[in-house]
Amino acid sequence: MKPADVLVIGAGPAGLAAATAASRNGCRVAMLDDNPAAGGQIWRADITRPHDEDPARAAAIADFHTSGAALLPGRRIVDVPSPSTLLAEAGGHFETYRWDRLILATGARERFLPFPGWTLPGVFGAGGLQALVKGGYPVAGKRIVVAGTGPLLLAVAAHLREYGASIVTVVEQASTLQMLPFAASLLRSPGKLLQGAGYRRTLGATPYQTGCWPISGQGDETLRSVTLTNGRRTWTVECDLLACGFHLVPNTELAQLLGCTLQGSFVQVDSQQQTSVAGIYCAGEPTGIAGVDAAQVQGEIAGLAAADCSPPPTRLLARRAKEAAFGRRLTHAFRLRPEVLKLASQETIVCRCEDVTFSQLQTRSNWTDAKLHTRCGMGPCQGRICGSATEALFGWQLTSVRAPLFPIPVSAFCDESSSLNAPSAR
Amino acid sequence: MPDFDLVIVGAGIVGCACALEAARAGLRVVIVERGVVGGGTTAAGMGHVVVMDDSPAQLALTAYSRSLWRTMAPELPGGVEYESRGTLWIAADDEEMAEVFSKQTTYAQAGIASQVLDPRELAEAEPYLRSGLAGALLVPDDGVLYPPVAAEYFLCEARRLGVVFLSDHEVVRCGKGRIQFANGTSIESERILLASGASIDLLPSLPIQKRKGHLLITDRYPGVVSHQLVELGYLKSAHKLTADSVAFNIQPRLTGQLLIGSSRQYGDESREINHAILRSMLERAIEYMPCLKGLSGIRVWTGHRAATADKLPLIGPTADPTLFLAMGFEGLGITNAPGAAVLAIDALLGRASIIDAAPYLPSRIQQEAVHA
Ligand SMILES: Cc1cc2nc3c(=O)[nH]c(=O)nc-3n(C[C@H](O)[C@H](O)[C@H](O)COP(=O)(O)OP(=O)(O)OC[C@H]3O[C@@H](n4cnc5c(N)ncnc54)[C@H](O)[C@@H]3O)c2cc1C
Ligand SMILES: Cc1cc2nc3c(=O)[nH]c(=O)nc-3n(C[C@H](O)[C@H](O)[C@H](O)COP(=O)(O)OP(=O)(O)OC[C@H]3O[C@@H](n4cnc5c(N)ncnc54)[C@H](O)[C@@H]3O)c2cc1C
């Protein structure tokens, strides 16, 4: 019998673990990712410090390579031309991929919430700025405010300091009280937060204010200052950049395009990480925001299941349950306070692609209504940014996902000449 | 006494236009919709307001409706994005050029302005079209608009005149002066106007078939296309009754985005994208305008037209004296909404219409088909 062809989408911790497990168990595996190197968000390669290798990343990537799985980087899945093919864009040309088993490990992205000034140049996503810095964007000497919510803020602040930025402050909207249960679990395993670099030592010197949040950014051409509040008092700090994110939301668009059922905002999976569509598995952040350890164990289970090694070892199941519990504490600790959902003024832009303001959206009844009548979410980002904001702000459930997942040239829908069947790349 | 003189089922552009017309006639109206206003086929359409001369009746209704759009134009809110850029009917060869001339004659007889462009003039008007085309007919008074906002505009005007709107209300039964909702409640009314677009669940015997279409929208490229472009071969495509077909059709939006169409398919009621059809549709477009290849496409979607055998809508009374129709607009419901609304309310009130309403009467098809 011909070994099963397994295609893994996303080369973060979940994808790496899945590909490794499937390949070790006899499958022919190819893993695609839109970045130039494997690692995903947490282990994003740093072009400025190629030798600063994180041991966990190094181990995962070494395991992946010795398993014999193939890495196909620089490829972004943009469409699902038929139920069993994926269309990938690779530096301007297009490739078609088929599979016997598909593992989706597409990770998460940051949530942005609109407030006056959030669209000014100089305002970045927290993880987004971190990624830029790893790509060579200089922050040395820059005064940076880090704001929003989630464990990512501290990791980002520490990272930016390493690169010579001066962190004005880190403001976390969750109160100390709300974060307590989470802090306790961090104390039990501090590595969880700061995996990815040795910046633990820099963290101590960073001001961290809980129960505080940004209410506006000021500046004419670019950001000059940020106004912060703790609900009782309001103050303004000068800065060059604001790195701001309100925790993470799952990348479920590809799963949805493939017809996988969602449960709430997440991809629904069974005990083997299989989605509602037979032969399609999902692991990591799309199934729940629970950090790198959850991503790895889910990935391994998915990889084993795709290789027909079932049931999964109880040791993995136990670890997955433990990490899921960590994820629930995380979600609870960093839940949004009502105040941060009311920061936008009437004129604040919510959808940047189509310039839709808060007041235009206020009168709409749901996401479809808003899309149709204001064109919110109809621009090139397809609602990836404003959709998670309106979900938080108005409680709108995002409805259908439309192809393509990312803008592609019109000819890409026609072109069959560059088709190739993978994962025979090995 | 019932609370309403008229219940309208369906808040697409047709139902909304009817609501406004009925309110203007002094009727007490409730309009009910299972989803959101303009969320049906109206959300999928291209918004080309176009005079078509497929048949004398089609010419009469599109010309009348277009004149109503042009009268309304100054009052339309900015969000409707109404623009009168003019249609270019593009002829690829001499055979199609002969059609250009006969089309011009037909239009002239109907008082519709048009102008024949030779290849050089066509290239000047639309420099990105491929070379070697035979010419075109410019119909300067045709327009384009953004349909969901136009539908909502009609609805808002109607509500200002007292019309009641119920969204998220699915009707499960209608006829004999009564409509019933999925939640069990019902409304009685002397008259019911069914404007449910391509969905005929409420009256399965209606001679309407779903005809699926695909569209793609690009990122913003202001200046690439200046007119509403349609290949003359489109007529051949739109008229085919059976086979799947595609035709080159581009509508520029105010933002510089281009809507690229179009396809026609029977027998596929799903909303899923058919990549084979999509491919041939886009290949056709690229054939006419090679630069489209490199433009960034941001979204593809589908919609269902409500097609009748003679390609004319069903407007007017049925065998059930309480039940009236305003459906079956195929690919012209955006264009025809204002004219159809006048005809429908005329029929309801027993008034004479400004154009001959006979060709659109549901009774023309098959008597028994429109029995409730
Ligand atoms: C911007 C950002 C920064 C983060 N930084 C940290 C950090 O410093 N420390 C920390 O503990 N946690 C961080 N996290 C959280 C991190 O996501 C999780 O801890 C963990 O890495 C999740 O692993 P994963 O494999 O599920 O997803 P990811 O690591 O996100 O991997 C998913 C991969 O799939 C790729 N992908 C997605 N869609 C497609 C597609 N259509 N085609 C091709 N490839 C695709 C993505 O580019 C990505 O490489 C960050 C998250 C984000 C969003
Ligand atoms: C791809 C494509 C391109 C097109 N391009 C153009 C163009 O350029 N120009 C043009 O003039 N036309 C165009 N059309 C046609 C045009 O979009 C339609 O003719 C028009 O939108 C029909 O409007 P409607 O109000 O009849 O139907 P719809 O917009 O479908 O409205 C019917 C409404 O009734 C509601 N409804 C149905 N059943 C029930 C029920 N049981 N209870 C409650 N509510 C119900 C639906 O939810 C819906 O909102 C195009 C169509 C397609 C598909």
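Bear in mind that the values in this text are calculations on the coordinates, not laboratory data. This is a predicted model, so every value here is computed, not measured. Cβ coordinates were reconstructed from backbone atoms using ideal geometry, including for glycine residues, and neighbour counts include every protein chain displayed.
Express the C-alpha Rg of the range A:45-147 as a ratio against the empirical globular expectation 2.2 N^0.38 Å, rounded to two decimals.
1.44
On average, how many beta carbons from a partner chain sit within 10 Å of the beta carbon of a residue in B:289-297?
4
Treating only the Cα positions of the protein assembly as shown as identical point scatterers, give the base-10 log of I(q)/I(0) from the Debye formula at each q in 0.05, 0.08 Å⁻¹.
Per q value, in the given order, log10 I(q)/I(0) is -0.31, -0.77.
Read phi for every residue in the range A:158-174 and hand back ³J(HN,Hα) as whole Hz from Karplus 6.51 cos²θ - 1.76 cosθ + 1.60, θ = phi - 60°, with x for Gly and Pro.
Values, residue by residue: 4, 5, 5, 4, 3, 9, x, 6, 9, 7, 5, 6, 10, 10, 10, 5, 5 Hz.
For chain B, list log₁₀ I(q)/I(0) at each q in 0.09, 0.10, 0.13, 0.15 Å⁻¹, using the Debye formula over Cα point scatterers of equal strength and ignoring solvent, two decimals each.
After summing over all Cα pairs, the log10 values are -0.49, -0.60, -1.01, -1.32.
Report the percentage of all Cα-Cα pairs in the range A:209-290 whose separation exceeds 15 Å, rounded to a whole percent.
66
Indicate the gyration tensor shape class of the range A:344-394 (rounded, prolate or oblate), computed on the Cα atoms with a ≥ b ≥ c the square roots of the eigenvalues: a/c under 1.5 is rounded; otherwise a/b larger than b/c is prolate and the rest oblate.
Rounded, because the longest to shortest axis ratio a/c is under 1.5.
Can you give the mean number of other chain Cβ atoms that lie within 10 Å of the Cβ atoms in peptide B:35-42? All intermediate terms of the calculation are to be shown ahead of the outcome.
Numbers: counts 4, 10, 4, 4, 6, 0, 0, 1.
Per residue, the number of nearby Cβ atoms from other chains is 4 on average.
Among the aspartates and glutamates, select those whose C-alpha is under 19 Å from the C-alpha of B:Lys103, and discard any that sit fewer than 8 residues away in the same chain.
Answer for B:Lys103, where 19 Å is the Cα cut-off: B:Asp53, B:Asp54, B:Asp93, B:Asp94, B:Glu95, B:Asp118, B:Glu121, B:Asp141, B:Asp142, B:Glu231, listed by chain and number.
When Cβ neighbours within 10 Å are restricted to other protein chains, what is their mean count per residue of peptide A:121-133?
Mean partner shielding for this stretch: 0.
Taking N as the number of residues in the range B:279-353, what is its alpha-carbon radius of gyration divided by 2.2 N^0.38 Å?
In units of the 2.2 N^0.38 Å rule of thumb, it is 1.66.
How far is it, in nm, from the label point at B:Gln180 to the one at B:Ala113 when both lie 7 Å from their Cα along the line to the Cβ?
If labels sit at B:Gln180 and B:Ala113, their model points lie 5.5 nm apart.
With a ≥ b ≥ c the root eigenvalues of the C-alpha gyration tensor of the range B:1-139, is it rounded (a/c under 1.5), prolate (a/b larger than b/c) or oblate?
prolate
Within chain B, what's the longest run with no GluC sites (Glu not before Pro) in a DSSP loop and at most 16 other beta-carbon atoms within 10 Å? Give the range, please.
It runs B:1-169.
Run through every distinct alpha carbon pair of chain A and return the Kirkwood hydrodynamic radius in angstroms, one decimal place.
22.2
Among B:Lys103, B:Lys311, A:Lys371, rank each residue by its count of other Cβ atoms within 10 Å, from fewest to most, as a rough exposure measure. Before the final figure, lay out the partial values.
Details: B:Lys103 22, B:Lys311 19, A:Lys371 28.
Ordered by Cβ neighbours within 10 Å, fewest first: B:Lys311, B:Lys103, A:Lys371.
Rank the residues A:Thr20, B:Thr185 as a footprinting-exposure proxy: fewest other Cβ atoms within 10 Å of their Cβ go first. Provide the component values of the computation, followed by the final result.
Working: A:Thr20 27, B:Thr185 9.
With the fewest neighbours first, A:Thr20, B:Thr185 line up as B:Thr185, A:Thr20.
Among the chymotrypsin sites (Phe, Trp or Tyr not before Pro) within the range B:70-150, which fall in a DSSP loop and have no more than 14 other Cβ atoms within 10 Å of their own Cβ?
Working: sites: B:Tyr82, B:Trp89, B:Phe101, B:Tyr107, B:Tyr128; in loops: B:Tyr82, B:Tyr128.
Answer in residue order: no site qualifies.
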